Amino acid sequence: MRIVLLGIVCIILVGAFFLVLPITHKDGEWFSVSDALFTATSCVCSTGLVVASTVDEFNIFGQIVLLLLIQIGGLGFMTGATLIFMILGKRITLQQRLLLKESFNQYKLQGVVGLIKKILIYTAVIEAVGAFLLMIPFIPKYGFWSGVFKSVFLSVSAFCNAGFDVIGPQSLTPFVGNVLVILPIALLIVIGGLGYTVLLEIGGLKRAKKMSLHVKMVLITTAILIAASSVMFIVFEWNYAYKDLSAGDKILAGIFQAVTPRTAGFASVDQLKLSDTSMVLTEVLMFIGASPASTGGGIKTTTFVVILLSVTGALRAKRNINVSKERITETMVRKSLTIITIGIGVVVSSILLVTLFERNNVNAIVTADNIVFECISAFSTAGLTRGITPFLTAGSKFVLGLAMFVGRLGPLTVGVALVSTNHKEDKITYPDAKLLVG
(Lines give C-alpha, C1' and ligand atoms only; values in the text may rest on other atoms or scores of the structure.)
Protein backbone atom coordinates (compact mmCIF):
# COMPACT_ATOMS: atom_id res chain seq x y z
CA MET A 1 0.00 0.00 0.00
CA ARG A 2 2.89 2.35 0.73
CA ILE A 3 4.34 1.62 -2.71
CA VAL A 4 0.98 2.48 -4.33
CA LEU A 5 0.80 5.67 -2.26
CA LEU A 6 4.33 6.73 -3.26
CA GLY A 7 3.60 5.86 -6.89
CA ILE A 8 0.62 8.22 -6.97
CA VAL A 9 2.74 10.96 -5.37
CA CYS A 10 5.41 10.50 -8.08
CA ILE A 11 2.81 10.76 -10.87
CA ILE A 12 1.42 13.95 -9.32
CA LEU A 13 4.90 15.48 -9.10
CA VAL A 14 5.72 14.59 -12.72
CA GLY A 15 2.38 16.02 -13.85
CA ALA A 16 2.93 19.20 -11.82
CA PHE A 17 6.38 19.60 -13.42
CA PHE A 18 4.85 19.65 -16.92
CA LEU A 19 2.00 21.94 -15.86
CA VAL A 20 4.44 24.51 -14.48
CA LEU A 21 6.18 24.85 -17.85
CA PRO A 22 5.18 27.69 -20.22
CA ILE A 23 4.76 25.21 -23.12
CA THR A 24 1.53 23.90 -21.59
CA HIS A 25 -0.14 27.32 -21.32
CA LYS A 26 -1.79 29.56 -23.88
CA ASP A 27 -0.14 32.71 -22.55
CA GLY A 28 3.30 31.06 -22.68
CA GLU A 29 4.03 32.00 -19.06
CA TRP A 30 5.13 29.93 -16.08
CA PHE A 31 2.37 28.47 -13.90
CA SER A 32 2.67 28.80 -10.12
CA VAL A 33 3.97 25.69 -8.36
CA SER A 34 1.03 25.59 -5.93
CA ASP A 35 -1.54 25.81 -8.75
CA ALA A 36 0.34 23.19 -10.80
CA LEU A 37 0.43 20.78 -7.83
CA PHE A 38 -3.24 21.38 -7.11
CA THR A 39 -4.25 20.82 -10.75
CA ALA A 40 -2.12 17.68 -11.09
CA THR A 41 -3.55 16.29 -7.85
CA SER A 42 -7.07 17.07 -9.04
CA CYS A 43 -6.40 15.19 -12.30
CA VAL A 44 -4.71 12.12 -10.84
CA CYS A 45 -7.26 11.90 -8.02
CA SER A 46 -10.12 12.17 -10.56
CA THR A 47 -11.58 15.21 -8.84
CA GLY A 48 -12.12 18.14 -11.18
CA LEU A 49 -11.53 21.15 -8.94
CA VAL A 50 -9.65 23.76 -10.98
CA VAL A 51 -7.97 27.08 -10.29
CA ALA A 52 -8.53 28.25 -13.89
CA SER A 53 -10.69 27.25 -16.84
CA THR A 54 -9.02 24.30 -18.59
CA VAL A 55 -9.85 25.55 -22.08
CA ASP A 56 -8.78 29.15 -21.34
CA GLU A 57 -5.57 28.39 -19.41
CA PHE A 58 -4.03 25.37 -21.18
CA ASN A 59 -3.08 24.94 -24.84
CA ILE A 60 -3.59 21.66 -26.72
CA PHE A 61 -0.36 20.19 -25.30
CA GLY A 62 -1.37 21.14 -21.77
CA GLN A 63 -4.81 19.63 -22.28
CA ILE A 64 -3.23 16.37 -23.49
CA VAL A 65 -1.08 16.31 -20.32
CA LEU A 66 -4.24 16.75 -18.25
CA LEU A 67 -5.96 13.99 -20.23
CA LEU A 68 -3.10 11.55 -19.59
CA LEU A 69 -3.08 12.35 -15.87
CA ILE A 70 -6.85 11.81 -15.71
CA GLN A 71 -6.59 8.47 -17.51
CA ILE A 72 -3.75 7.26 -15.28
CA GLY A 73 -5.66 8.39 -12.21
CA GLY A 74 -8.82 6.64 -13.37
CA LEU A 75 -7.07 3.37 -14.13
CA GLY A 76 -4.90 3.51 -11.05
CA PHE A 77 -1.13 3.64 -10.59
CA MET A 78 -0.58 -0.13 -10.67
CA THR A 79 -2.74 -0.63 -13.78
CA GLY A 80 -0.73 2.00 -15.61
CA ALA A 81 2.56 0.46 -14.47
CA THR A 82 1.36 -3.01 -15.53
CA LEU A 83 0.41 -1.66 -18.97
CA ILE A 84 3.93 -0.26 -19.41
CA PHE A 85 5.48 -3.60 -18.38
CA MET A 86 3.23 -5.43 -20.87
CA ILE A 87 4.21 -3.08 -23.70
CA LEU A 88 7.90 -3.57 -22.87
CA GLY A 89 7.41 -7.34 -22.65
CA LYS A 90 8.56 -7.47 -19.02
CA ARG A 91 7.50 -10.20 -16.60
CA ILE A 92 4.99 -9.24 -13.88
CA THR A 93 6.64 -10.16 -10.57
CA LEU A 94 4.92 -11.63 -7.50
CA GLN A 95 5.25 -8.32 -5.62
CA GLN A 96 3.55 -6.47 -8.47
CA ARG A 97 0.75 -9.05 -8.52
CA LEU A 98 0.26 -8.54 -4.78
CA LEU A 99 0.09 -4.77 -5.31
CA LEU A 100 -2.50 -5.25 -8.06
CA LYS A 101 -4.56 -7.46 -5.76
CA GLU A 102 -4.52 -4.76 -3.06
CA SER A 103 -5.26 -1.96 -5.54
CA PHE A 104 -8.46 -3.62 -6.79
CA ASN A 105 -9.62 -5.12 -3.47
CA GLN A 106 -9.35 -8.65 -4.83
CA TYR A 107 -9.53 -11.66 -2.52
CA LYS A 108 -7.36 -13.95 -4.70
CA LEU A 109 -3.97 -13.53 -6.35
CA GLN A 110 -4.79 -15.96 -9.15
CA GLY A 111 -5.73 -14.31 -12.46
CA VAL A 112 -4.96 -10.76 -11.33
CA VAL A 113 -2.91 -9.97 -14.48
CA GLY A 114 -5.74 -11.24 -16.68
CA LEU A 115 -8.03 -8.97 -14.68
CA ILE A 116 -5.89 -5.95 -15.61
CA LYS A 117 -6.04 -6.88 -19.30
CA LYS A 118 -9.84 -7.03 -19.12
CA ILE A 119 -9.96 -3.69 -17.30
CA LEU A 120 -7.87 -2.04 -20.02
CA ILE A 121 -10.11 -3.49 -22.76
CA TYR A 122 -13.33 -2.49 -20.97
CA THR A 123 -12.00 1.04 -20.37
CA ALA A 124 -10.96 1.49 -24.01
CA VAL A 125 -14.28 0.21 -25.37
CA ILE A 126 -16.48 2.24 -23.00
CA GLU A 127 -14.53 5.47 -23.54
CA ALA A 128 -14.51 4.94 -27.32
CA VAL A 129 -18.29 4.43 -27.42
CA GLY A 130 -18.79 7.48 -25.20
CA ALA A 131 -16.54 9.61 -27.43
CA PHE A 132 -18.42 8.45 -30.55
CA LEU A 133 -21.79 9.40 -29.02
CA LEU A 134 -20.48 12.85 -28.03
CA MET A 135 -19.10 13.46 -31.52
CA ILE A 136 -22.67 13.53 -32.86
CA PRO A 137 -23.47 16.91 -31.23
CA PHE A 138 -19.89 18.25 -30.93
CA ILE A 139 -18.55 17.90 -34.49
CA PRO A 140 -21.35 20.04 -36.05
CA LYS A 141 -20.88 22.62 -33.28
CA TYR A 142 -17.08 22.83 -33.00
CA GLY A 143 -15.82 21.42 -36.31
CA PHE A 144 -14.28 18.01 -36.98
CA TRP A 145 -10.92 17.99 -35.19
CA SER A 146 -12.00 20.20 -32.30
CA GLY A 147 -15.22 18.20 -31.93
CA VAL A 148 -13.32 14.89 -31.90
CA PHE A 149 -10.84 16.09 -29.29
CA LYS A 150 -13.54 17.53 -27.03
CA SER A 151 -15.53 14.29 -27.33
CA VAL A 152 -12.54 12.11 -26.42
CA PHE A 153 -11.52 14.39 -23.54
CA LEU A 154 -15.03 14.51 -22.07
CA SER A 155 -15.55 10.77 -22.50
CA VAL A 156 -12.33 9.94 -20.62
CA SER A 157 -13.03 12.59 -17.98
CA ALA A 158 -16.62 11.39 -17.44
CA PHE A 159 -15.76 7.68 -17.25
CA CYS A 160 -12.89 8.44 -14.86
CA ASN A 161 -15.29 10.62 -12.82
CA ALA A 162 -12.77 13.46 -13.16
CA GLY A 163 -15.02 16.43 -13.94
CA PHE A 164 -12.51 18.25 -16.17
CA ASP A 165 -13.93 19.62 -19.41
CA VAL A 166 -12.69 21.56 -22.43
CA ILE A 167 -15.96 23.37 -23.08
CA GLY A 168 -15.44 26.56 -21.10
CA PRO A 169 -15.69 28.09 -17.62
CA GLN A 170 -19.45 27.37 -17.52
CA SER A 171 -18.89 23.59 -17.69
CA LEU A 172 -21.97 21.86 -19.16
CA THR A 173 -24.48 24.57 -18.26
CA PRO A 174 -24.90 25.59 -21.96
CA PHE A 175 -26.06 22.00 -22.66
CA VAL A 176 -28.49 21.68 -19.73
CA GLY A 177 -31.34 20.56 -22.03
CA ASN A 178 -29.27 18.77 -24.67
CA VAL A 179 -30.03 15.05 -24.35
CA LEU A 180 -27.25 14.10 -26.80
CA VAL A 181 -24.65 15.62 -24.46
CA ILE A 182 -26.11 15.14 -20.96
CA LEU A 183 -27.23 11.50 -21.22
CA PRO A 184 -23.96 10.03 -22.62
CA ILE A 185 -21.94 11.86 -19.96
CA ALA A 186 -24.36 10.75 -17.22
CA LEU A 187 -24.11 7.12 -18.39
CA LEU A 188 -20.30 7.28 -18.47
CA ILE A 189 -20.29 8.69 -14.93
CA VAL A 190 -22.56 5.92 -13.64
CA ILE A 191 -20.63 3.13 -15.42
CA GLY A 192 -17.28 4.45 -14.17
CA GLY A 193 -18.69 4.75 -10.64
CA LEU A 194 -19.95 1.15 -10.50
CA GLY A 195 -16.45 -0.24 -10.24
CA TYR A 196 -14.41 -2.59 -12.39
CA THR A 197 -15.39 -5.56 -10.22
CA VAL A 198 -19.06 -4.99 -11.09
CA LEU A 199 -18.37 -4.38 -14.80
CA LEU A 200 -16.26 -7.53 -15.12
CA GLU A 201 -18.82 -9.69 -13.34
CA ILE A 202 -21.68 -8.34 -15.47
CA GLY A 203 -19.56 -9.00 -18.57
CA GLY A 204 -19.04 -12.62 -17.52
CA LEU A 205 -22.50 -13.21 -16.08
CA LYS A 206 -23.38 -15.92 -18.62
CA ARG A 207 -20.53 -18.06 -17.32
CA ALA A 208 -21.07 -17.26 -13.65
CA LYS A 209 -24.89 -17.69 -13.89
CA LYS A 210 -25.22 -16.08 -10.47
CA MET A 211 -24.73 -12.49 -9.40
CA SER A 212 -22.62 -11.95 -6.29
CA LEU A 213 -23.91 -10.05 -3.26
CA HIS A 214 -21.41 -7.25 -3.94
CA VAL A 215 -22.75 -6.62 -7.45
CA LYS A 216 -26.37 -6.79 -6.26
CA MET A 217 -25.68 -4.34 -3.45
CA VAL A 218 -23.82 -1.88 -5.71
CA LEU A 219 -26.49 -1.93 -8.44
CA ILE A 220 -29.46 -1.64 -6.06
CA THR A 221 -27.84 1.08 -3.93
CA THR A 222 -26.78 3.08 -7.01
CA ALA A 223 -30.27 2.84 -8.54
CA ILE A 224 -31.99 3.90 -5.30
CA LEU A 225 -29.63 6.83 -4.69
CA ILE A 226 -30.00 8.15 -8.24
CA ALA A 227 -33.78 7.66 -8.45
CA ALA A 228 -34.57 9.10 -5.01
CA SER A 229 -32.24 12.09 -5.30
CA SER A 230 -33.43 12.84 -8.86
CA VAL A 231 -37.01 13.19 -7.60
CA MET A 232 -35.87 15.35 -4.69
CA PHE A 233 -33.76 17.68 -6.86
CA ILE A 234 -36.63 18.11 -9.34
CA VAL A 235 -39.07 18.92 -6.52
CA PHE A 236 -36.66 21.21 -4.63
CA GLU A 237 -35.55 23.21 -7.69
CA TRP A 238 -38.68 23.16 -9.91
CA ASN A 239 -39.53 26.77 -9.09
CA TYR A 240 -36.09 27.75 -7.89
CA ALA A 241 -32.86 27.01 -9.83
CA TYR A 242 -34.82 25.31 -12.66
CA LYS A 243 -37.58 27.94 -12.92
CA ASP A 244 -36.46 29.21 -16.36
CA LEU A 245 -36.20 25.72 -17.88
CA SER A 246 -38.89 23.75 -19.70
CA ALA A 247 -40.50 20.76 -17.95
CA GLY A 248 -38.34 18.28 -19.88
CA ASP A 249 -35.16 20.23 -19.19
CA LYS A 250 -36.05 20.40 -15.47
CA ILE A 251 -36.33 16.61 -15.32
CA LEU A 252 -33.05 16.17 -17.23
CA ALA A 253 -31.29 18.69 -14.97
CA GLY A 254 -32.61 16.92 -11.85
CA ILE A 255 -31.39 13.52 -13.06
CA PHE A 256 -27.95 14.89 -13.94
CA GLN A 257 -27.68 16.68 -10.59
CA ALA A 258 -28.36 13.32 -8.92
CA VAL A 259 -25.67 11.59 -10.97
CA THR A 260 -22.83 14.13 -10.90
CA PRO A 261 -22.27 14.21 -7.09
CA ARG A 262 -21.32 10.52 -7.41
CA THR A 263 -17.79 12.04 -7.64
CA ALA A 264 -18.09 13.22 -11.27
CA GLY A 265 -17.83 16.99 -10.92
CA PHE A 266 -19.65 18.14 -14.06
CA ALA A 267 -22.42 20.71 -13.63
CA SER A 268 -25.35 21.33 -15.96
CA VAL A 269 -26.67 24.02 -13.58
CA ASP A 270 -24.63 26.62 -11.68
CA GLN A 271 -24.21 25.17 -8.17
CA LEU A 272 -24.51 28.65 -6.64
CA LYS A 273 -28.09 28.84 -7.91
CA LEU A 274 -29.20 25.71 -6.04
CA SER A 275 -31.24 26.07 -2.87
CA ASP A 276 -29.66 25.33 0.51
CA THR A 277 -31.71 22.11 0.70
CA SER A 278 -30.27 20.85 -2.58
CA MET A 279 -26.79 21.93 -1.51
CA VAL A 280 -27.04 19.74 1.63
CA LEU A 281 -28.41 16.80 -0.42
CA THR A 282 -25.52 17.20 -2.88
CA GLU A 283 -23.04 17.13 0.01
CA VAL A 284 -24.55 13.88 1.33
CA LEU A 285 -24.36 12.26 -2.12
CA MET A 286 -20.77 13.44 -2.58
CA PHE A 287 -19.72 12.00 0.79
CA ILE A 288 -21.23 8.59 -0.07
CA GLY A 289 -19.58 8.70 -3.48
CA ALA A 290 -19.11 5.85 -5.94
CA SER A 291 -18.50 2.12 -5.43
CA PRO A 292 -15.33 0.18 -4.50
CA ALA A 293 -12.64 -0.45 -7.16
CA SER A 294 -14.15 2.29 -9.32
CA THR A 295 -12.85 5.55 -10.76
CA GLY A 296 -14.73 7.53 -8.09
CA GLY A 297 -14.16 8.47 -4.46
CA GLY A 298 -16.20 8.99 -1.30
CA ILE A 299 -16.74 6.45 1.46
CA LYS A 300 -18.33 4.16 -1.20
CA THR A 301 -21.86 2.80 -1.57
CA THR A 302 -21.17 -0.57 0.06
CA THR A 303 -19.63 1.10 3.11
CA PHE A 304 -22.76 3.21 3.44
CA VAL A 305 -25.03 0.15 3.20
CA VAL A 306 -22.99 -1.89 5.70
CA ILE A 307 -23.20 0.95 8.23
CA LEU A 308 -26.97 1.23 7.70
CA LEU A 309 -27.42 -2.53 8.11
CA SER A 310 -25.30 -2.61 11.27
CA VAL A 311 -27.25 0.30 12.79
CA THR A 312 -30.64 -1.25 12.02
CA GLY A 313 -29.36 -4.61 13.28
CA ALA A 314 -28.22 -3.03 16.55
CA LEU A 315 -31.57 -1.26 17.01
CA ARG A 316 -33.40 -4.54 16.48
CA ALA A 317 -30.97 -6.38 18.80
CA LYS A 318 -30.02 -8.82 16.03
CA ARG A 319 -27.01 -11.02 16.67
CA ASN A 320 -26.04 -11.42 13.01
CA ILE A 321 -26.47 -9.15 9.98
CA ASN A 322 -27.65 -11.33 7.11
CA VAL A 323 -28.25 -10.26 3.49
CA SER A 324 -29.39 -12.70 0.78
CA LYS A 325 -28.43 -15.66 2.98
CA GLU A 326 -24.94 -14.24 3.52
CA ARG A 327 -23.58 -12.79 6.76
CA ILE A 328 -21.96 -9.37 7.05
CA THR A 329 -18.89 -10.14 9.15
CA GLU A 330 -17.63 -8.13 12.10
CA THR A 331 -14.48 -7.35 10.08
CA MET A 332 -16.58 -5.72 7.33
CA VAL A 333 -18.41 -3.61 9.91
CA ARG A 334 -15.14 -2.54 11.55
CA LYS A 335 -13.62 -1.61 8.19
CA SER A 336 -16.73 0.40 7.29
CA LEU A 337 -16.67 2.22 10.62
CA THR A 338 -12.97 2.97 10.15
CA ILE A 339 -13.55 4.34 6.65
CA ILE A 340 -16.45 6.59 7.64
CA THR A 341 -14.65 7.81 10.80
CA ILE A 342 -11.47 8.72 8.90
CA GLY A 343 -13.64 10.32 6.19
CA ILE A 344 -15.45 12.51 8.69
CA GLY A 345 -12.13 13.35 10.33
CA VAL A 346 -10.56 14.42 7.03
CA VAL A 347 -13.58 16.54 6.06
CA VAL A 348 -13.85 18.25 9.48
CA SER A 349 -10.09 18.89 9.65
CA SER A 350 -10.15 20.32 6.11
CA ILE A 351 -13.03 22.63 6.95
CA LEU A 352 -11.27 23.91 10.09
CA LEU A 353 -7.98 24.52 8.29
CA VAL A 354 -9.50 26.16 5.20
CA THR A 355 -11.70 28.48 7.29
CA LEU A 356 -8.56 29.37 9.27
CA PHE A 357 -6.56 30.16 6.13
CA GLU A 358 -9.44 32.11 4.57
CA ARG A 359 -10.53 34.18 7.59
CA ASN A 360 -9.08 37.32 5.99
CA ASN A 361 -10.40 36.52 2.50
CA VAL A 362 -12.60 39.43 1.37
CA ASN A 363 -14.16 37.65 -1.61
CA ALA A 364 -17.95 37.56 -1.19
CA ILE A 365 -18.42 33.91 -2.21
CA VAL A 366 -15.73 32.50 0.11
CA THR A 367 -18.23 31.80 2.88
CA ALA A 368 -18.38 29.06 5.51
CA ASP A 369 -21.12 27.08 3.72
CA ASN A 370 -19.24 27.20 0.41
CA ILE A 371 -16.03 26.09 2.16
CA VAL A 372 -17.89 23.09 3.66
CA PHE A 373 -19.15 22.22 0.16
CA GLU A 374 -15.63 22.53 -1.28
CA CYS A 375 -14.02 20.35 1.39
CA ILE A 376 -16.58 17.56 1.02
CA SER A 377 -16.18 17.79 -2.75
CA ALA A 378 -12.40 17.49 -2.43
CA PHE A 379 -12.46 14.47 -0.09
CA SER A 380 -15.08 12.67 -2.18
CA THR A 381 -13.16 13.63 -5.36
CA ALA A 382 -16.46 14.95 -6.72
CA GLY A 383 -15.04 18.17 -8.14
CA LEU A 384 -18.26 20.13 -7.79
CA THR A 385 -17.68 23.69 -6.63
CA ARG A 386 -19.61 26.81 -5.79
CA GLY A 387 -16.95 28.92 -7.50
CA ILE A 388 -14.48 29.55 -4.67
CA THR A 389 -11.53 27.41 -5.83
CA PRO A 390 -9.62 30.12 -7.78
CA PHE A 391 -9.91 32.56 -4.86
CA LEU A 392 -8.40 30.32 -2.18
CA THR A 393 -4.92 30.79 -0.72
CA ALA A 394 -2.04 28.38 -1.33
CA GLY A 395 -2.51 26.90 2.15
CA SER A 396 -6.14 26.07 1.47
CA LYS A 397 -5.26 24.50 -1.88
CA PHE A 398 -2.68 22.31 -0.15
CA VAL A 399 -5.28 21.15 2.38
CA LEU A 400 -7.79 20.40 -0.37
CA GLY A 401 -5.07 18.56 -2.29
CA LEU A 402 -4.42 16.30 0.71
CA ALA A 403 -8.16 15.68 1.07
CA MET A 404 -8.36 14.70 -2.62
CA PHE A 405 -5.38 12.38 -2.18
CA VAL A 406 -6.91 10.57 0.81
CA GLY A 407 -10.32 10.40 -0.86
CA ARG A 408 -8.99 8.90 -4.10
CA LEU A 409 -6.72 6.27 -2.55
CA GLY A 410 -9.31 5.49 0.11
CA PRO A 411 -9.21 6.38 3.83
CA LEU A 412 -8.47 2.78 4.82
CA THR A 413 -5.62 2.41 2.31
CA VAL A 414 -3.96 5.66 3.41
CA GLY A 415 -4.52 4.81 7.08
CA VAL A 416 -2.93 1.36 6.79
CA ALA A 417 -0.05 2.76 4.73
CA LEU A 418 0.77 5.41 7.33
CA VAL A 419 0.19 3.43 10.52
CA SER A 420 2.80 0.87 11.55
CA THR A 421 1.53 -2.71 11.58
CA ASN A 422 4.59 -4.17 13.33
CA HIS A 423 2.82 -5.24 16.50
CA LYS A 424 2.41 -8.52 18.30
CA GLU A 425 -0.95 -10.18 18.03
CA ASP A 426 -2.97 -10.11 21.26
CA LYS A 427 -2.94 -13.60 22.72
CA ILE A 428 -4.73 -12.69 25.92
CA THR A 429 -8.49 -12.22 26.07
CA TYR A 430 -9.40 -9.80 28.84
CA PRO A 431 -12.78 -9.52 30.62
CA ASP A 432 -15.44 -7.45 28.85
CA ALA A 433 -15.25 -3.76 29.74
CA LYS A 434 -18.14 -2.34 31.76
CA LEU A 435 -18.38 0.93 29.85
CA LEU A 436 -21.48 3.08 29.40
CA VAL A 437 -22.02 4.39 25.85
CA GLY A 438 -24.80 6.43 24.27
- Using the Kyte-Doolittle scale, which helices in the chain average at least -0.5 and also have C-alpha atoms spread 20 Å or more along the helix axis, with helices defined as whole DSSP H runs? 2-20, 60-75, 112-142, 144-159, 179-194, 213-237, 301-315, 330-357, 394-409
- Estimated [θ] at 222 nm from DSSP helical runs (n ≥ 4, -39500 (n - 2.57)) normalised by residues in the chain, nearest 500: -20500 deg cm²/dmol
- Message: I need the peptides 184-197, 251-264 ranked by packing, meaning the mean over residues of other C-beta atoms within 10 angstrom, with the highest value on top.
- Response: 251-264, 184-197
- Task: Anything over 26 Å Cα to Cα? Flag those among Lys26/Lys150; Lys118/Lys216; Lys26/Lys243; Lys300/Lys325, in the order listed.
- Result: Lys26/Lys243
- Message: At 1.4 Å probe size, put Asp276, Asp165, Asp270 in order of accessible surface, largest to smallest.
- Response: Asp276, Asp270, Asp165
- Query: In Å and whole numbers, how far do the C-alpha atoms of region 278-357 stretch along each principal axis, longest first?
  - Reply: 49, 26, 25
- Message: At 1.4 Å probe radius, can you tell me the per residue accessible area of the chain in Å²?
- Response: 49 Å²
- Taking every alpha carbon pair in region 270-320 and sorting the distances into 5 angstrom bins from 0 up to the bin holding the longest one, the percent per bin comes out as 4, 19, 17, 16, 15, 15, 8, 3, 2, 1
- Share of Cα-Cα pairs in region 133-224 beyond 21 Å, whole percent, is 42 percent
- Excluding ligands and nucleic acids, what accessible area in Å² is computed for Phe144 using a 1.4 Å probe, to the nearest 10? 120 Å²
- Item | Most mobile listed residue (Gly345, Gly130, Gly204) in the chain, GNM with C-alpha springs under 10 Å | Gly204
- Kirkwood calc, region 1-77, C-alpha pairs only, radius in angstrom 12.2 Å
- Tell me, what % of the accessible area of region 293-353 is carbon and sulfur with a 1.4 angstrom probe? 61 percent
- Message: Bin width 5 Å, origin at 0, all Cα-Cα pairs of region 340-437: what percent of pairs per bin?
- Response: 2, 12, 20, 18, 12, 10, 7, 7, 6, 4, 2, 0
- Give me Rg over Rh for region 224-319, both radii from the alpha carbons and Rh done the Kirkwood way, two decimal places. 1.07
- Query: Expressed as a whole percentage, what fraction of the accessible surface of region 115-273 belongs to carbon and sulfur atoms when a 1.4 Å probe is rolled over the protein heavy atoms?
  - Reply: 70 percent
- Among Thr331, Thr24, Thr413, the residue with the largest mean-square fluctuation in a Gaussian network model of the chain built from Cα contacts under 10 Å is Thr331
- Item | Packing-based order for 61-69, 320-328, using average beta carbon neighbours within 10 Å, highest first | 61-69, 320-328
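Where Rh is the Kirkwood radius over the Cα pairs of the chain, the temperature 4 °C and the viscosity 1.567 mPa s, what D in µm²/s does Stokes-Einstein return?
Answer, rounded: 58 µm²/s.
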- Can you tell which of Ser294, Ser42, Ser32 shows the greatest fluctuation in a Gaussian network model of the chain with Cα springs below 10 Å? Ser32
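The values are calculated or read from the model by the stated rules, or taken from the named source; none is laboratory data. These numbers were taken from a predicted model, which means no experiment stands behind them. Reconstructed Cβ throughout: ideal geometry from the backbone, glycine too, with neighbour counts over all protein chains shown. SASA here: full protein model, heavy atoms, side chains in, ligands and nucleic acids out. Shrake-Rupley method; radii C 1.70, N 1.55, O 1.52, S 1.80 Å.
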